[in-house]
């Protein structure tokens with residue numbers, strides 16, 4: 001009868017515990033399905049908020065006003081959600097429902113630009129498709145002719161919020177599906193986990209969402225890109241037309257009114273209501289303000305929030321942090337380093353067959369514990385001893401019989 005392989009007791013106990021555990025315990029760490037904003041209200045149901053530890057700090061998981069102790073609250077705003085942050089340090093100075101997920105409207109174009117600027121040649125000529133030309137909502141007025149460069153489309157995207165430009169740029173990037181995949185990958189890289197892009201323009205679509213925190217992350221990353229910064233800060237420019245050009249002007253009213261305003265993006269739809277993310281620089285320091293779900297005229301309120309940010313940056317204990325993007329993977333070595341011979345492996349003990357020549361004829365170990373081999377050796381010794389004793393006894397009887 002052969003020896004049966006028996007699983008160690010610890011393994012059996014662990015397997016029993018796992019199989020006997022309630023299903024709820026086994027899936028407790030699995031991420032829950034993300035909620036989608038209600039297209040009637042623009043908000044995500046409360047139960048769908050904050051399914052994981054809030055990015056940027058535990059305090060940012062609160063739904064109400066979050067501010068440092070001993071500091072006068074920021075000026076009132078009708079926005080349901082906002083973030084005030086220091087762009088240099090990433091410190092969140094104050095917030096309200098920072099991770100509340102809402103329809104982003106055209107503020108999503110900041111993510112579109114940030115994603116596509118590194119991918120498209122600014123000098124590339126574009127012929128917009130009929131679909132792009134007929135895109136609904138705000139538009140710069142494209143025609144299906146090879147009049148435009150990628151540079152022209154980025155300017156109109158960020159100045160006049162051209163939905164037609166968003167679609168034309170997406171097509172230049174390999175199509176809508178590819179561009180949305182790229183945008184969502186960029187959001188993950190930034191750790192903007194509240195953001196889901198379903199359109200490149202920000203037009204309302206089920207499942208699309210962002211948050212005031214994510215808009216601040218996106219703006220901060222965009223400010224580090226020279227082209228992005230140039231587009232958002234341009235007040236007016238010339239745009240190609242079939243017969244010459246026409247002038248376009250930036251929809252961000254604070255570029256004309258607020259000292260030090262750099263820009264970024266505003267947005268509005270009837271379902272999302274008003275949203276805005278912007279940055280301004282004064283005395284060498286940059287403050288970012290993002291708001292979502294505002295039901296009225298918000299420009300003066302945003303200016304007041306920026307003033308509060310400049311007055312308190314560097315003086316208060318932050319309530320959270322704008323996290324840095326996920327680091328890029330280290331590039332593989334090239335050139336001489338890639339062709340260099342591998343380092344010498346450390347010297348290992350001689351194999352068993354070299355230490356014991358007889359071991360070379362033994363079959364390879366297929367997982368049987370070494371103790372089984374020892375037990376076999378003992379049994380073999382006993383068996384041989386028994387046979388020797390039996391042979392000796394038989395020989396003695398034979399002698400007596402003679």
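With the structure loaded, tell me whether residue 207 is in contact with a helix residue (DSSP H, G or I) (Cβ under 6 Å, 6 or more places away or on another chain), on the phi > 0 side of the Ramachandran plot and assigned to a loop (DSSP other than H, G, I, E, B) or whether it fails that test. No: the conditions fail for residue 207.
When you check residue 126 against the structure, is it in contact (Cβ under 8 Å) with a residue 40 or more places away in the chain and farther than 23 Å from residue 186 by Cα, yes or no? Yes; evaluated as a whole, the condition is true for this residue. In this structure, is residue 296 closer than 23 Å to residue 85 by Cβ and either touching a residue at least 12 places away in the same chain (Cβ under 8 Å) or not in a strand (DSSP E or B) (or both)? Answer is no for this residue. Here residue 77 passes the criteria (1) in contact with a helix residue (DSSP H, G or I) (Cβ under 6 Å, 6 or more places away or on another chain); (2) outside any helix (DSSP H, G or I); (3) crowded, with 23+ Cβ neighbours inside 10 Å except the one numbered (3).
Within segment 275-286, the set of residues being under 14 Å from residue 212 (Cα atoms) and touching a residue at least 60 places away in the same chain (Cβ under 8 Å) comprises 275, 276, 277, 279. Based on this model, can you work out whether residue 153 counts as under 19 Å from residue 203 (Cα atoms) and either at pLDDT below 95 or not in a loop (DSSP other than H, G, I, E, B) (or both)? Yes. When 178, 115 are checked against the criterion of being touching a residue at least 24 places away in the same chain (Cβ under 8 Å), in a helix (DSSP H, G or I) and farther than 18 Å from residue 269 by Cα, a single residue qualifies: 115. Would you check if there is a residue in segment 136-158 being over 18 Å from residue 250 (Cα atoms), more than 19 Å from the chain's Cα centre (by Cα) and free of Cβ contacts under 8 Å to residues at least 24 places away in the same chain? Yes; the residues of segment 136-158 include at least one that is over 18 Å from residue 250 (Cα atoms), more than 19 Å from the chain's Cα centre (by Cα) and free of Cβ contacts under 8 Å to residues at least 24 places away in the same chain.
The values are calculated or read from the model by the stated rules, or taken from the named source; none is laboratory data. The model shown is predicted, which means the values in this text are computed figures rather than measured ones. With ideal geometry, Cβ positions are generated from the backbone for all residues, glycine too; neighbour counts draw on all protein chains shown.
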